[in-house]
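Read the figures in this text as sums done on the coordinates, not as results from a lab. From a predicted model like this one, the values you see are computed outputs, not experimental measurements. Please note: Cβ atoms are built from the backbone with ideal geometry, for glycine as well, and neighbour counts cover all protein chains shown.
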Amino acid sequence: MSKRQQKPEILATETVAQSRLFHIEQVHLRFSNQQERYYERMKGGSHGAVMIVPVLQGKWLLLGREYAAGTDSYELGFPKGLIERGETPAEAANRELQEEIGYGGHQLIHLKELSLAPGYFASKMQIFLAEDLYENRLEGDEPEPIELVRWPLSQWRDLLTLADFSESRSVSALFLALERLKLNK
């Protein structure tokens, strides 16, 4: 095991850009070897986010297909969303399931905390496996209904061949869920 490095000293931070959704900071750092560098990062401001891998009756993965402005395309992925003030990650996961695909989960199992790009983003996402599902729809904030896609759990490998199943967090969440379910052999 290698020796843990000392974190750099933050000499200054400055907001260089801000919008309704994003806050970009420039961070002036001094490393333990006295080297100084400027980095830019997206400052975290939310309470985090959740992504849920819903498994219906032990046979079906439930996914949603929705428009993604970043890629200007419809993407297939697992339900996800922000944790609201006062919510636990599990409560947020269950709410997002109901808002996005019309199911809730009696059993929510925390699988892992993931970061998207830790060199640039401070936000973290909690990944859950949802089982013992029940139908219930809550109104969400999506501009159009999300298409519900039932995918046979036994055919999970075929999901990886789809061009619109490309979000790294959904792919990672799939493998975390498969490991928990012991189906990735």
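Points worth noting:
- Applying a threshold of 25 Å to the alpha-carbon distances of LYS59/LYS80; LYS59/LYS124; LYS59/LYS112 flags LYS59/LYS124 as lying beyond it.
- Within the chain, the proportion of C-alpha pairs whose separation exceeds 27 Å stands at 36%.
- Span from the the range 1-51 Cα centroid across to the the range 112-185 one, whole angstrom: 28
- Scoring 6-17, 167-178 by mean Cβ neighbours within 10 Å over their residues and listing the highest first yields 167-178, 6-17.
- Nearest 10 degrees, 0 to 90: helix 168-181 Cα axis against the chain principal axis: 60
- When the Cα positions of GLY86, ALA68, GLY119 are compared along the charge dipole of the chain, GLY119 comes out farthest toward the positive end, with charges on each C-beta of Lys, Arg, Asp and Glu.
- Think of each Lys and Arg Cβ as +1 and each Asp and Glu Cβ as -1; about the Cα centre, that makes the dipole of the chain roughly 1060 debye.
- Judged by the mean number of other Cβ atoms found within 10 Å, the most tightly packed of the peptides 153-163, 89-99 leads the ranking 89-99, 153-163.
- Taking the Cα centre of the range 26-67 as reference, the dipole from Cβ charges on Lys and Arg (+1) and Asp and Glu (-1) amounts to some 60 debye.
- 0 to 90° range, to nearest 10: angle between helix 89-101 axis and the chain longest Cα axis: 50
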